[in-house]
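Down below is the structure, laid out as structure tokens.
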Amino acid sequence: MKKLRVLLVDDEIMIREGFKRLFDWETHNCQVVGEAADGMEALAKIDTLDPDIAIMDINIPIMNGLKVIQLSRIKHPDTAFVIVSGYDDFSYCREALRLQITDYILKPVNYEEFGACIDNLKIALFQRQSPKKQDRQEERTITLITRYLQEHLAEEISLSVLAEEFHLSAQYISQLFKSEIGVGFLAYLTNIRMEQAKKLLLSTPLSIAEVSERSGYGDYRVFTKVFKKSEGIAPSQYRRDFLENAGIPK
């Protein structure tokens with residue numbers, strides 16, 4: 001998988017330097033290709049560099065980050081935007097959701113959590129681009145495997161199960177995930193199971209145990225532990241926070 005091109009947008013040079021020096025972009029198969037300190041410069045850099053990912057502060061001079069994203073969407077619909085902000089404000093979060101922001105991270109940045117965000121982004125970008133890439137056998141195979149995973153999330157899934165289903169070796173499938181998506185099989189599976197769980201938590205009245213089962217975890221205690229590691233809070237708190245922010249009676 002080619003390295004993802006990253007643009008850093010923040011008016012504080014120390015923040016940009018922190019991202020460059022404190023986060024291991026190479027390990028996550030990314031490279032920083034540019035920086036911008038204000039909204040107009042960000043728009044120009046997005047046009048010239050066409051990054052895969054833009055790490056964007058909201059409160060930047062001349063034009064705020066949300067406006068930059070809104071204008072950039074017109075010519076660069078495939079660029080993924082991650083908001084990094086010091087403002088824990090639901091109105092910002094709501095506008096970010098409307099603009100289909102990939103993630104909203106609060107300062108000071110936890111680089112371990114940020115790494116998980118970047119890995120999730122790689123998965124999302126692969127899923128978005130895979131229908132366009134049908135020229136190689138490996139790409140066709142991984143596309144079929146990821147589609148199978150989405151359709152069988154509630155079942156027990158492992159590399160050996162996939163190997164039997166697709167008549168391939170488990171080692172080959174493991175290598176495919178690394179080479180075609182850029183993350184390991186288990187990281188990919190956990191990510192899509194967490195996305196399924198979040199969707200069920202926010203859109204259904206299912207109990208935590210039922211959400212756990214439908215997301216592929218027979219033991220809800222294991223599910224709760226994995227969810228908390230992934231999202232930073234327990235599933236029940238995740239649901240409560242959403243309902244409170246949205247003003248929906250519990």
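The values are calculated or read from the model by the stated rules, or taken from the named source; none is laboratory data. Quick caveat, the model's predicted, so the values are computed rather than measured. We place every Cβ from the backbone using ideal geometry, glycine too, and count neighbours over all the protein chains shown. Each accessible area value is taken on the protein alone, full model and side chains, heavy atoms only, with ligands, DNA and RNA left out. Shrake-Rupley method; radii C 1.70, N 1.55, O 1.52, S 1.80 Å.
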Using alpha carbon centroids, what distance separates segment 171-234 and segment 1-48, in Å? 29
Take Met40 and Ser174, extend 7 Å from each Cα along the Cα→Cβ direction, and tell me the distance between the two endpoints in nm. 5.4
What angle do you read, to the nearest 10 degrees and between 0 and 90, between the alpha-carbon axis of helix 13-22 and the longest principal axis of the chain? 30
Between 0 and 90 degrees, rounded to the nearest ten: what's the tilt of helix 235-246 against the longest Cα principal axis of the chain? 40
Toward the positive end of the charge dipole of the chain, about the Cα centre and with charges on Cβ (Lys, Arg +1; Asp, Glu -1), which of Ala44, Tyr217, Leu121 goes farthest? Tyr217
With DNA, RNA and ligands ignored, accessible area of Glu26 (1.4 Å probe; Å², nearest 10): 120
Calculated from the structure, Kirkwood radius over Cα pairs in Å equals which of (1) 17.7; (2) 19.5; (3) 18.2? (2)
Where does helix 220-231 land angle-wise versus the long Cα axis of the chain, in degrees 0 to 90, nearest 10? 20
Label-point separation (nm) for Ala154 and Ala234, each offset 7 Å from Cα along Cα-to-Cβ? 2.5
Can you list the residues, at least 5 places off or on another chain, whose amide H is less than 5 Å from the amide H of Ile60, using H built in the peptide plane? Gly65
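Report the calculated FRET efficiency for Arg140 and Leu71 (r = Cβ-Cβ distance, R0 = 41 Å), to the nearest 0.05.
Taking R0 as 41 Å, the efficiency between Arg140 and Leu71 is 0.70.
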The chain - mean residue ellipticity at 222 nm from DSSP helices (-39,500 (n - 2.57) per run, n ≥ 4, rounded to 500): -17000 deg cm²/dmol
Given H placed 1.01 Å from N in the peptide plane, which residues other than close sequence neighbours of Ile105 have an amide H under 5 Å from its amide H? Ile83, Val84, Ser85
Point-charge dipole on Cβ atoms (K/R +1, D/E -1) for segment 201-250, about Cα centre, debye to 20: 120
Quick one: Karplus J couplings for segment 167-182, per residue in order, coefficients 6.51, -1.76, 1.60, θ = phi - 60°, nearest Hz, x for Gly and Pro? 6, 10, 7, 4, 5, 5, 5, 4, 5, 4, 4, 5, 7, 8, 10, x
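From the cross-link list Lys199/Lys228; Lys178/Lys199; Lys45/Lys107; Lys20/Lys228, which pairs have alpha carbons spaced over 19 Å apart?
Values: Lys199/Lys228 15 Å; Lys178/Lys199 26 Å; Lys45/Lys107 23 Å; Lys20/Lys228 28 Å.
Table pairs above 19 Å Cα-Cα are Lys178/Lys199; Lys45/Lys107; Lys20/Lys228.
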Between Ala209 and Gln127, with labels modelled 7 Å along Cα→Cβ, what's the label distance in nm to one decimal, could you check? 2.9
